[in-house]
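Below is one structure; the comments refer to it alone.
The values are calculated or read from the model by the stated rules, or taken from the named source; none is laboratory data. These numbers come from a predicted model, not from an experiment. Glycine also receives a Cβ, built like all others from the backbone with ideal geometry; neighbour counts cover every protein chain displayed.
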Amino acid sequence: MGNPTYLASDAKLPYCRGCGHALVVRQLSHALEGLNLPPRSLVLTTDIGCVGLADSLFPYLHTVHTTHGRSTAMAIGMALAEAVLPAAALKPVVMIGDGGAMIGLLHLAHAAQLNVDITVLVHNNFLFGMTGGQHSAFTPLDWITSTTPGGNFIPPLDLLKLLRTAHAGFLARQFATDSNLGGVIADAIAYPGFSLVEILETCTGYGTLRNKATGTPLREAASRQGYLIGRMEEEQQRPTFGALYHQEMQSPPAAKAAPQAIELSVRSDLGNPLHIVIAGTAGERVQSSAALLCRAALSVGLYSTQKNDNPVTQGSGFSLSEICLSPQPIEYTGMESVDVVIGVSQEGWNELQANGTLAKITPKTLVLLDAELEITPPTGRVLRHHFRREATPKRAALAAIAFWLGMEPAVPNAAWDAVLASLPVARREDVSTALRVGSNLASQGGVCAA
Amino acid sequence: MVAEGALAAGCRFFAGYPITPASEIYEVMMRELVAQGGLALSAPDEISSLCYCVGASLRGLKAMTATSGPGWALMIETVQYALMTETPVVIALVQRLGPSTGGATQGAQGDIFLAEFSTSGGYTIPVFAPSNAAECYELTQQAFNWSERLRSPVVLLTDKEVGMTTEVVDDAALAKLSPVERSWADAKAPFAAYDIERAEEVPGFAPVGGGVKVTVTGSAHDRRGRLRKVSPEVVEMLIHLQRKIDAHAAEMALARPDLDPDASCLLVSYGITARAAREAVGVLRKEGFPISFLQIQTLFPVPAEALHWATAGVRTVFVAEENLTGQYRTVLAPLLAGKRLLGINKVGSMISPDEIIRAIRRAGGTIPRGDWPAEHGPDEMGRPIRKAGM
């Protein structure tokens, strides 16, 4: 059985006379014949531009013609899928021009970094041919194009050097006229992992209009730019993304445990929804304490919503949680007025002022403040205690919650048993200490009303 | 719950890029999808995220990404590619305050137009809008099922208030749908990628890398997927892209009506604002005012039939949504000729039930039928004559 054919034998190449693209498609076909790959194991992923005309020339290969610059990204997606498909073996060969390399540079960098098994052929003719000869990021210095009428004065990119720093394994640069181009392309396709061949070629439609862009002058231009010709020496072959993924999947992350039914041995007798705001400082477990309260409420049959807020930096400044507890499913998750405000740090309180929460405090609102804070709330039933000092700053929010529930048992004490039982053993001691301090303070009284 | 819904629907590929308020979906998928043997990975930008998903879907995997307005803006190129190439993919778009980077941690419903009207040619992209965690679970499955069935990009449109609020969900009451698989083409040769007899048919799918040669292009193409200049066949293909959606519009259009036969006004809402609207309706009814309510879950295609029934006998329609100009109201306006159409709009924070009630009262919406003051004529421009909380 002979080798499969790739380029249609009667293919009429749609390129201008002398265009380098014609040489590349022939060399690609030779390369594939040499490799003797099943045609259906290849997908040509082509970009916008004359380079995209290649699809129709390879009647036996899968072809995907994409939007400009994205052929590399689509090929990455196809190659990534390889990792989860059973018994798959598809090699994307990406055909882009220098324009596609420019607009899709990030895709090339990421493909190299991931080391996905794709081969990219960059048809670098130093300008945009299909759209009328505009310059690209790869246009040599002094070249005259329709958009550099006075000569290009921006130095061109060196794609190989760029991609080497992105850990690309196989990188090569050849002229389209090189007799060994087919062999280099074959090596690139056979290479396991990301490979790229930059092919320097001539756009006879626009490149040669006002520039010496063929033969020796072309080689000299490449040399002036310090372009390496041939294969760039590889530092160290890396495993492909697929290999790394399969290695990772030898011990995959544990799936989340299936939901457990919650026994409602005790039920809350809460009649109406309650809105609670807890304000403190980032890193002092404000939001996680609020989450524990919601969990406790859940274990006694209450519905809850919790919203958190903090500065964009997340690790500093205020930290807020806004909670609604309700005996009914909660529709509107905002609040017109607040029932309980817990302030355990100045930063948190300042934010309540800034975000309008203080305006929602009514005379009925219970305001629990750390006694260190020199704050005068606008109204409300104000109680102060040394939560930070007695329980430590990191336990202050939870202690204040326990204090409140000690006074107004919206969530019965038994709820916390279920919460503690659901926590990792290492965390239980910490949580139960905070709860104990808070409820002790509540039972001792000793609260100084403002 | 979006991530949970995606897993339940059979999602096997996820590519993401961090953005508030959609990062939670990304993080959960990075952990849970991988734990289930799928592939989730970080892309270097949103353009790449969706391209990776489309590439994976071309190979037959159910794929999803999640983003917010600024990321969606970058994805529009590839959304159109998925539409043109008939590649299933789901995009969870968690809205935040815009324009531009707007407010990352503030909710909004300002991306209705941006989500739907982002294609050259104005094709219908199905858009589902959950209002709470349980609906996130159900509608994400719907999004996947319709995406696969119609071979189309589908948007799951939620927002910060839905996406980043932790709430109690009754696991036993969650809607678990049967996953729909795309219909695969017979492995016959020669294969035509878009081999259909009627314009509304969805062509059978053959994966890139499978046994039959597949030709895909984002350019105008013939039935075999070959790039062609405009010809009658190419035009047929372009019409087909819309017809296949239209043919399933009624089936896809989900809405939750809560109608009162004595109502003279209807309140329409969706997403997070539907929750405040439901509360407002409860309060008004307790006070003795008859009012109907329609929560729209499928924003596009518009649930025209549900709207038709909900507006029967109704004089005034209020549309409550958290954006300034009444984007969805503008969409509904042509379907509500002869009705008095009023918007309840706000930006910067959620619309409260109280604001909805006040807006309805101010506009005389609670006046019994047949007893309208003369000055309350229909607003033919469809513009809000009153805004709540502005």
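Among the residues in the stretch B:230-250, are any touching a residue at least 24 places away in the same chain (Cβ under 8 Å) and outside any helix (DSSP H, G or I)?
Keep residues of the stretch B:230-250 that are touching a residue at least 24 places away in the same chain (Cβ under 8 Å), which gives B:236-250.
Okay, now just the ones that are also outside any helix (DSSP H, G or I), so B:247-248.
Yes, the conditions are met somewhere in the stretch B:230-250.
Which numbered condition in (1) facing chain A (nearest Cβ under 7 Å); (2) closer than 18 Å to A:TYR245 by Cβ is the only one that B:GLU77 fails?
(2)
Just to be sure before I move on: is B:GLY60 facing another protein chain (nearest Cβ under 7 Å), more than 30 Å from B:PRO99 (Cα to Cα), touching a Leu at 6+ places or on another chain (Cβ under 9 Å) and surrounded by fewer than 23 Cβ atoms within 10 Å (Cβ to Cβ) in the structure I sent? Write out each step before concluding.
Details: facing another protein chain (nearest Cβ under 7 Å): no; more than 30 Å from B:PRO99 (Cα to Cα): yes; touching a Leu at 6+ places or on another chain (Cβ under 9 Å): yes; surrounded by fewer than 23 Cβ atoms within 10 Å (Cβ to Cβ): yes.
Taking the combined requirement at face value, the residue does not satisfy it.
Hey, any hits in the stretch B:213-234 for a residue that's more than 14 Å from every other protein chain (Cβ to nearest Cβ) and buried (at least 19 other Cβ atoms within 10 Å of the Cβ)?
no
I need a count of the residues in the stretch A:222-267 that are among the hydrophobic types (A, V, I, L, M, F, W, C) and part of a loop (DSSP other than H, G, I, E, B).
Taking the stretch A:222-267 first, the residues among the hydrophobic types (A, V, I, L, M, F, W, C) are A:222, A:228-229, A:232, A:241, A:243-244, A:249, A:254-255, A:257-258, A:261-262, A:264, A:266.
Okay, now just the ones that are also part of a loop (DSSP other than H, G, I, E, B), so A:228-229, A:249, A:254-255, A:257-258, A:261-262, A:264, A:266.
The total comes to 11.
In this structure, does A:GLU284 turn out to be of a type in the set (Asp, Glu) and under 23 Å from A:ARG388 (Cα atoms)?
Numbers: of a type in the set (Asp, Glu): yes; under 23 Å from A:ARG388 (Cα atoms): yes.
Considered against the rule, which asks whether it is of a type in the set (Asp, Glu) and under 23 Å from A:ARG388 (Cα atoms), A:GLU284 comes out as yes.
What is the one condition in (1) in contact with a Gly (Cβ under 9 Å, 6 or more places away or on another chain); (2) at the interface with chain B (Cβ under 9 Å from one of its Cβ atoms) that A:SER289 does not satisfy?
The number of the failed condition is (2).
Looking for something in contact with a strand residue (DSSP E or B) (Cβ under 6 Å, 6 or more places away or on another chain), part of a loop (DSSP other than H, G, I, E, B), at pLDDT 95 or above and in the same structural domain as B:VAL169 (by TED's automatic domain parsing) - is there at least one such residue anywhere in the stretch B:131-143? Working first, answer last.
Step one: list which residues in the stretch B:131-143 are in contact with a strand residue (DSSP E or B) (Cβ under 6 Å, 6 or more places away or on another chain), which gives B:133, B:139-140, B:142-143.
Of the ones still in play, those that are also part of a loop (DSSP other than H, G, I, E, B) are none.
Within the stretch B:131-143, not a single residue is in contact with a strand residue (DSSP E or B) (Cβ under 6 Å, 6 or more places away or on another chain), part of a loop (DSSP other than H, G, I, E, B), at pLDDT 95 or above and in the same structural domain as B:VAL169 (by TED's automatic domain parsing).
Give B:ALA15, B:ALA8, B:ALA104 a once-over and let me know the one that is closer than 27 Å to B:ARG182 by Cα, at the interface with chain A (Cβ under 10 Å from one of its Cβ atoms) and among the aliphatic types (A, V, I, L, M).
B:ALA15
Which condition from (1) within 32 Å of the chain's Cα centre (by Cα); (2) of a type in the set (S, T, N, Q); (3) surrounded by fewer than 21 Cβ atoms within 10 Å (Cβ to Cβ) is the one that A:ASN180 breaks?
(1)
How many residues does the stretch A:296-318 hold that are buried (at least 19 other Cβ atoms within 10 Å of the Cβ), within 22 Å of B:VAL168 (Cα to Cα) and more than 9 Å from chain B (Cβ to nearest Cβ)?
3
With the condition kept exactly as written, say whether any residue in the stretch A:120-130 is surrounded by 24 or more Cβ atoms within 10 Å (Cβ to Cβ), β-branched (Val, Ile, Thr) and more than 14 Å from B:CYS51 (Cβ to Cβ). Talk me through it step by step, then tell me what you get.
Here is the first cut: in the stretch A:120-130, the ones surrounded by 24 or more Cβ atoms within 10 Å (Cβ to Cβ) are A:120-129.
If we keep only those that are β-branched (Val, Ile, Thr) too, we end up with A:120, A:122.
Restricting the remaining residues to those that are more than 14 Å from B:CYS51 (Cβ to Cβ) gives A:120, A:122.
Yes: one or more hits.
For the stretch B:31-50, how many residues meet the condition of being at the interface with chain A (Cβ under 10 Å from one of its Cβ atoms), assigned to a helix (DSSP H, G or I) and closer than 11 Å to B:THR65 by Cα?
Summing the residues that are at the interface with chain A (Cβ under 10 Å from one of its Cβ atoms), assigned to a helix (DSSP H, G or I) and closer than 11 Å to B:THR65 by Cα in the stretch B:31-50 gives 4.
Yes or no: the stretch B:285-293 includes at least one residue that is over 21 Å from B:ILE125 (Cβ atoms), of a type outside the set (Ser, Thr, Tyr), in contact with a Gly (Cβ under 7 Å, 6 or more places away or on another chain) and crowded, with 17+ Cβ neighbours inside 10 Å.
Taking the stretch B:285-293 first, the residues over 21 Å from B:ILE125 (Cβ atoms) are B:285-293.
Filter once more, keeping what is of a type outside the set (Ser, Thr, Tyr): B:285-291, B:293.
Filter again for in contact with a Gly (Cβ under 7 Å, 6 or more places away or on another chain), leaving none.
Within the stretch B:285-293, none of the residues are over 21 Å from B:ILE125 (Cβ atoms), of a type outside the set (Ser, Thr, Tyr), in contact with a Gly (Cβ under 7 Å, 6 or more places away or on another chain) and crowded, with 17+ Cβ neighbours inside 10 Å.
Out of (1) within 14 Å of chain A (Cβ to nearest Cβ); (2) crowded, with 20+ Cβ neighbours inside 10 Å; (3) assigned to a helix (DSSP H, G or I), the odd one out for B:GLU279 is which?
Result: B:GLU279 passes all but (2).
Given the structure, is B:ALA175 within 20 Å of the chain's Cα centre (by Cα), part of a loop (DSSP other than H, G, I, E, B) and either away from every other protein chain (no Cβ under 12 Å) or closer than 23 Å to A:GLU82 by Cα (or both)? Break it down into steps so the answer makes sense when it comes.
Numbers: within 20 Å of the chain's Cα centre (by Cα): yes; part of a loop (DSSP other than H, G, I, E, B): yes; either away from every other protein chain (no Cβ under 12 Å) or closer than 23 Å to A:GLU82 by Cα (or both): yes.
When the stated conditions are applied, B:ALA175 passes them.
Considering only residues that are within 20 Å of B:LEU294 (Cβ to Cβ) and surrounded by fewer than 23 Cβ atoms within 10 Å (Cβ to Cβ), look in the stretch B:133-152 and name the one that is farthest from the other protein chains (Cβ to nearest Cβ).
Checked the stretch B:133-152; the qualifying residue farthest from the other protein chains (Cβ to nearest Cβ) is B:GLU138.
State whether the residues of the stretch A:426-436 include one that is loosely packed, with under 15 Cβ neighbours inside 10 Å and in a loop (DSSP other than H, G, I, E, B).
no
Let me confirm something: among A:ALA112, A:ALA88, which residue is over 20 Å from A:GLY52 (Cβ atoms), in the same structural domain as A:THR214 (by TED's automatic domain parsing) and at pLDDT 95 or above? I'd like the intermediate steps shown before the answer.
Numbers: A:ALA88 fails: at pLDDT 95 or above.
Within the list A:ALA112, A:ALA88, the selection yields A:ALA112.
For A:PHE241, work out the one condition from (1) under 30 Å from A:LEU196 (Cβ atoms); (2) away from every other protein chain (no Cβ under 14 Å) it doesn't fulfil.
(2)
Quick check on my filter: what residues within the stretch B:185-212 are exposed (fewer than 14 other Cβ atoms within 10 Å of the Cβ) and more than 14 Å from every other protein chain (Cβ to nearest Cβ)?
First pass over the stretch B:185-212, keeping only residues exposed (fewer than 14 other Cβ atoms within 10 Å of the Cβ): B:186-190, B:197-198, B:211.
Matches in the stretch B:185-212: B:ASP186, B:LYS188, B:GLU197, B:ARG198.
Quick one: which of B:VAL127, B:VAL168, B:VAL155 is crowded, with 19+ Cβ neighbours inside 10 Å, under 25 Å from A:ALA297 (Cα atoms), outside the structural domain of B:GLY271 (by TED's automatic domain parsing) and in contact with a helix residue (DSSP H, G or I) (Cβ under 7 Å, 6 or more places away or on another chain)?
Exactly one residue qualifies, and that residue is B:VAL168.
Just need a number here: residues in the stretch A:253-271 that are surrounded by 12 or more Cβ atoms within 10 Å (Cβ to Cβ) and either under 25 Å from the mean Cα position of the chain (by Cα) or closer than 30 Å to A:GLY77 by Cα (or both).
Qualifying residue count for the region: 3.
Would you confirm, using the coordinates I've provided, whether A:LEU274 is on the phi < 0 side of the Ramachandran plot, out of contact with any strand residue (DSSP E or B) (no Cβ under 6 Å at 6 or more places or on another chain), surrounded by 12 or more Cβ atoms within 10 Å (Cβ to Cβ) and among the aliphatic types (A, V, I, L, M)?
On the way: on the phi < 0 side of the Ramachandran plot: yes; out of contact with any strand residue (DSSP E or B) (no Cβ under 6 Å at 6 or more places or on another chain): no; surrounded by 12 or more Cβ atoms within 10 Å (Cβ to Cβ): yes; among the aliphatic types (A, V, I, L, M): yes.
Here the answer is no, as A:LEU274 does not meet what is asked.
Among the listed residues A:ALA279, A:ALA291, which satisfies the condition of being within 25 Å of B:GLY103 (Cα to Cα), out of contact with any Phe, Trp or Tyr (no Cβ under 9 Å at 6 or more places or on another chain), at pLDDT 95 or above and of a type in the set (Gly, Ala, Ser)? Give the derivation first.
Numbers: A:ALA279 fails: out of contact with any Phe, Trp or Tyr (no Cβ under 9 Å at 6 or more places or on another chain).
Testing whether each residue is within 25 Å of B:GLY103 (Cα to Cα), out of contact with any Phe, Trp or Tyr (no Cβ under 9 Å at 6 or more places or on another chain), at pLDDT 95 or above and of a type in the set (Gly, Ala, Ser) leaves just A:ALA291.
What are the residues in the stretch A:62-99 that are buried (at least 24 other Cβ atoms within 10 Å of the Cβ), within 7 Å of another protein chain (Cβ to nearest Cβ) and within 26 Å of A:MET249 (Cα to Cα), if any?
Correct list: A:ALA73, A:MET74, A:ALA75, A:ILE76, A:GLY77, A:MET78, A:LEU80, A:ALA81.
Exactly one of (1) surrounded by fewer than 16 Cβ atoms within 10 Å (Cβ to Cβ); (2) in contact with an Asp or Glu (Cβ under 6 Å, 6 or more places away or on another chain) is unmet by B:LYS244. Its number?
(1)
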